[in-house]
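J.: Here you go, one structure.
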Amino acid sequence: MAEILKGNVVANQIKEKMKQDIEELKKHGKTPTLAIVRLGDNPGDISYEKSIIKNCDNVGIKAVVYERNVDIKTEELIELIEELNKDDETSGILVFRPLPKHIDEEIIRNVISPEKDVDCMHPLNLERIFEGDMDGFAPCTPKAAMEILKYYDIPLEGKNVVVVNRSMVVGKPLAMMLLKENATVTICHSRTQNLHEITNKADVVVVALGKAKFFDEKYFNEDSIVIDVGVSLDENGKLSGDADFEKLSPMVDKITPVPGGVGSVTTSILLSQVVLACQNM
């Protein structure tokens, strides 16, 4: 039976460190403050927003929501973000994505101050990751995956790691983080031929295709460590990862569950970066 790599214990460790840092900041009259920019009333965004606010309250971070109509003009959104950039009380800025189709995300990415870019949208912050500088802000999901690997003492140096995702949000920055740890990284994607032959030979496989239960036994061996980043609904409308957890947990060495794995660490990473932004102000 596989060892289940639960995310809540990792998240709790991050939160405890955050609470200590926040207490120290408050001694100096500083309160970490997150500005949440939400366009429209998408139920998924609202649910995520409530989760973030709850987590902020639990550790002592102030959260302020800036809700705007979904048909907001690009110029108006730019104006709002520039105001938050200048606001001395705002430590970090989180803009919910994807943005409405009429707004050019590339423009918005460049408007957010790199010093307040806690979701790592700005090209400068991404560039630092690709240069091997992991001390600043990082995309939260890949960093969450790395924190799980670190917490459970999973060695990466010299190991073969396959990342099944090539996006700038997950796959590419994660590959850079793994390379920093001296792993040998292969990036695959939905069009990779004979994918199962590649993943089956890897020591660690990170799956992030967004296809519920896509990865079954043929993709892994008994020594496989599976980090599941995918989140979608299965045929029964139940929240599921990319990996078929029920089939794989009896056979692989280690696996993260969905829910309760990488996703439960992601918000803690985001909030820790709000604290970091406040420390740097």
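J.: Out of 158, 210, 263, any idea which swings most in a Gaussian network model of the chain, alpha carbons joined below 10 Å?
T.: 158
J.: Which whole-number percentage describes the relative contact order of region 38-104, with Cα contacts under 8 Å and a sequence gap of 6 or more?
T.: 45
J.: Could you work out the relative contact order of region 1-129? I mean the mean sequence separation of Cα pairs under 8 Å and 6+ apart, divided by the number of residues, in percent. Write down the numbers at each step before the final one.
T.: Working: 133 pairs, mean separation 32.0, N = 129.
With pairs under 8 Å counted, the relative contact order is 25 percent.
J.: Per residue Cα convex hull volume for region 1-123, in cubic angstrom?
T.: Values: hull volume 16.9 nm³, N = 123.
Convex hull volume per residue, Cα atoms: 138 Å³.
J.: I would also like to ask the following. How large are Rg and Dmax for region 1-46 when calculated on the C-alpha trace, in angstrom?
T.: Gyration radius and largest Cα-Cα distance of region 1-46: 16.7, 50 Å.
J.: Could you go through region 216-221 in sequence order and give the Karplus-derived ³J(HN,Hα) for each residue, using 6.51 cos²θ - 1.76 cosθ + 1.60 with θ = phi - 60°, rounded to whole Hz, and x for Gly and Pro?
T.: Taking θ as phi minus 60°, the curve returns 10, 4, 5, 8, 9, 10 Hz for region 216-221.
J.: Rg to Rh for region 59-189: what is it, with Cα atoms only and Rh by Kirkwood?
T.: Values: Rg = 16.8 Å, Rh = 16.4 Å.
Rounded to two decimals, Rg over Rh is 1.03.
J.: Could you please rank 274, 204, placing first whichever residue has the fewest other Cβ atoms within 10 Å of its Cβ?
T.: In increasing order of surrounding Cβ atoms, one gets 204, 274.
J.: Find which of 256, 85, 163 sits farthest along the positive direction of the dipole of the chain, computed with +1 on the beta-carbon of Lys and Arg, -1 on that of Asp and Glu, about the Cα centre.
T.: 256
J.: Once the Cα gyration tensor of the chain is found, what semi-axes does its equivalent ellipsoid get, as square roots of 5 times the eigenvalues, in whole Å, sorted largest first? Display every interim value, and only then the final one.
T.: Numbers: eigenvalues 213, 86, 65 Å².
Over the Cα atoms of the chain, the semi-axes work out to 33, 21, 18 Å.
J.: Pick out, from 187, 58, 102, the residue whose Cα sits farthest towards the positive end of the charge dipole of the chain, with +1 on the Cβ of Lys and Arg and -1 on the Cβ of Asp and Glu.
T.: Farthest towards the positive pole: 58.
J.: In degrees from 0 to 90, rounded to the nearest 10, what is the angle of the helix 74-86 Cα long axis to the longest principal axis of the chain?
T.: 80
J.: I've got another one for you. With Cβ to Cβ distances under 10 Å as the rule, what net charge do the other residues near residue 31 carry (K, R +1; D, E -1)? Write out the running numbers ahead of the final one.
T.: Numbers: positive: 26, 30, 62; negative: 89.
Net local charge, residue 31 excluded: +2.
J.: Further question on the same structure: Over region 53-108, what portion of Cα pair distances is larger than 19 Å, expressed as a whole percent?
T.: Working: 547 of 1540 pairs.
So the portion of pairs separated by more than 19 Å is 36 percent.
J.: List the equivalent ellipsoid semi-axes of region 140-263 in whole Å, largest first, each obtained as the square root of 5λ for an eigenvalue λ of the Cα gyration tensor.
T.: Working: eigenvalues 79, 47, 43 Å².
Semi-axes from the Cα gyration tensor: 20, 15, 15 Å.
J.: For every helix of n ≥ 4 consecutive DSSP H residues, a contribution of -39,500 (n - 2.57) applies; sum these over the chain, divide by its total residues, and give [θ] at 222 nm rounded to the nearest 500 deg cm²/dmol. Don't skip to the answer; put the middle values down first.
T.: Numbers: 10 runs with 115 residues, N = 281.
About -12500 deg cm²/dmol.
J.: Quick one: putting +1 on the C-beta of Lys and Arg, -1 on the C-beta of Asp and Glu, what dipole do you get for region 180-236 around its Cα centre, in Debye to the nearest 20? Write down the numbers at each step before the final one.
T.: Numbers: 6 positive and 10 negative charges, 65 e Å.
The dipole magnitude comes to about 320 debye.
J.: Under unit Cβ charges (Lys, Arg +1; Asp, Glu -1), what dipole magnitude, rounded to 20 debye, does region 29-113 have relative to its Cα centre? Don't jump to the answer; show the numbers that get you there.
T.: On the way: 11 positive and 17 negative charges, 81 e Å.
Here the size comes out at about 380 debye.
J.: Oh, and also: With +1 assigned to the C-beta of every Lys and Arg and -1 to the C-beta of every Asp and Glu, and no other charges, what is the dipole magnitude of the chain about the Cα centre in debye, to the nearest 20?
T.: Around 300 debye, computed over the chain.
J.: A further question follows. Tell me which residues come under 5 Å, amide H to amide H, from residue 63 once H is placed; ignore anything under 5 positions away on its chain.
T.: Result for residue 63 returns 34.
J.: Under 5 Å between amide H atoms, partner at least 5 residues away or on a different chain: which partners does residue 37 have, H built in plane at 1.01 Å?
T.: Counting only residues 5 or more places away or on other chains, the set is 66, 94, 95, 96.
J.: Which residue, 272, 113, 69, has the largest displacement toward the positive end of the dipole of the chain when charges sit on each Cβ (Lys, Arg +1; Asp, Glu -1)?
T.: 272
Throughout, read-outs are computed from the coordinates displayed, never taken from laboratory work. These numbers come from a predicted model, not from an experiment. So basically every Cβ, Gly included, is an ideal-geometry build from the backbone, and we count neighbours across all protein chains shown.
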